[in-house]
Amino acid sequence: MKVFKFYFLALLMICSLPLLAQENTASAGEEQSDLEAELAAQAAESDAAAEATGEEKQPNFTIGLNNGLSHGFAKERKSFAYTLNVYAAYQFPLEFTLSADLGLRESYRYGMSVATSNEDGTESTTDLDYSKFDGTPLNIGLSKGFEFGAGVMGSIGIGVSVPCTSKELWDVYGVRTILGIDLGVAKNFKLPKDVFLGLSFGFNYAKTFAEYDAAWDKYSNEPLGYLQNHDIGLSLSLGINYKGFGFKLSGGYNFGSDYKLSTAKYYYDDWDKGGTIDNSDWYYLFSFGATASYSIKGFVFALGVRTNAPEFDNGNYEGFNELPGDPDVKNGSTNYPFKAKYTTVFANIGYSYSF
């Protein structure tokens, strides 16, 4: 059952993802959660292979360190990020596991040639660089693994994410707590010559508790981004492992609702919603990724690519008929896996130790 120590950790780390998954809140944080989950999942697959061959299980307490680097594909949104994350997991009797993770993140955007930053409303033409250093949320979770039979394993976990360690989420967006529940089913198949094939399915739900319904820029009197209220996610992954080498394809779909802009009339006394704002209450996002990894003596090295995007650039609002210069496209531009605007490449180096 040790395989689920890291499998649970991967699930619980994702508890911070729903808040950050949308482009208009804090898209940089989204990459961090995905990278950690990828690393933990790869470690799980490696442990699964060891368990299937009858190797001795490691002790109950595990600590780890992860370094993650990522860079965006889009030319108009050049971005680089580095994350340093520490995590710990302890497995109690009856296969209950308590886990926690915390980290620091530096994100850097560069080469932005146009921005409406001048006081008179004109567009600047000077290249702009933007750097942000912040902490990641504190995530704590409790989980349990069990066997259905025929080698099919199940898992259930509950988690809480408290972003008091993130100045942006805590002070700017007013997020206080994210509560989540995760369910998972997985099966490993032993193929000839020490090759293992793994298939897993996951379901998660997260609820965000925040002080405001939107983060507001008091200087421009405009919203910086709206907060997610409920989020439901489905994920499916297929991986193959051979003597520490692994490759995995994963896909997911998230849908949920934002907090309604109940403060709109407070900021805009003469603004009539006109029904259109209600169409933005629900969002629909998809993810797609591929990861190659190698595990040896507690170290995990990973390279991968991941896309996180809404189904349509415009959110699929009603009444939107065409894009300038492309009248044949309905509902805004349709997004797809590996579309440059929403795709990042990443590299991870992690180490875990059990005792």
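Here are the numbers:
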read-out: Farthest positive-ward along the range 181-223 dipole, Cα basis, beta-carbon charges - from Phe203, Leu191, Ile181; value: Leu191
read-out: Equivalent ellipsoid semi-axes - Cα gyration tensor, the range 184-264, angstrom; value: 43, 14, 8
read-out: Whole-Hz ³J(HN,Hα) from phi, Karplus 6.51 cos²θ - 1.76 cosθ + 1.60, for the range 130-144, glycine and proline x; value: 9, 10, 9, 10, 7, x, 8, x, 7, 10, 10, x, 10, 8, 8
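Since every read-out is calculated from the coordinates, none of them should be taken as a lab result. Source: prediction; values computed, not measured. So basically every Cβ, Gly included, is an ideal-geometry build from the backbone, and we count neighbours across all protein chains shown.
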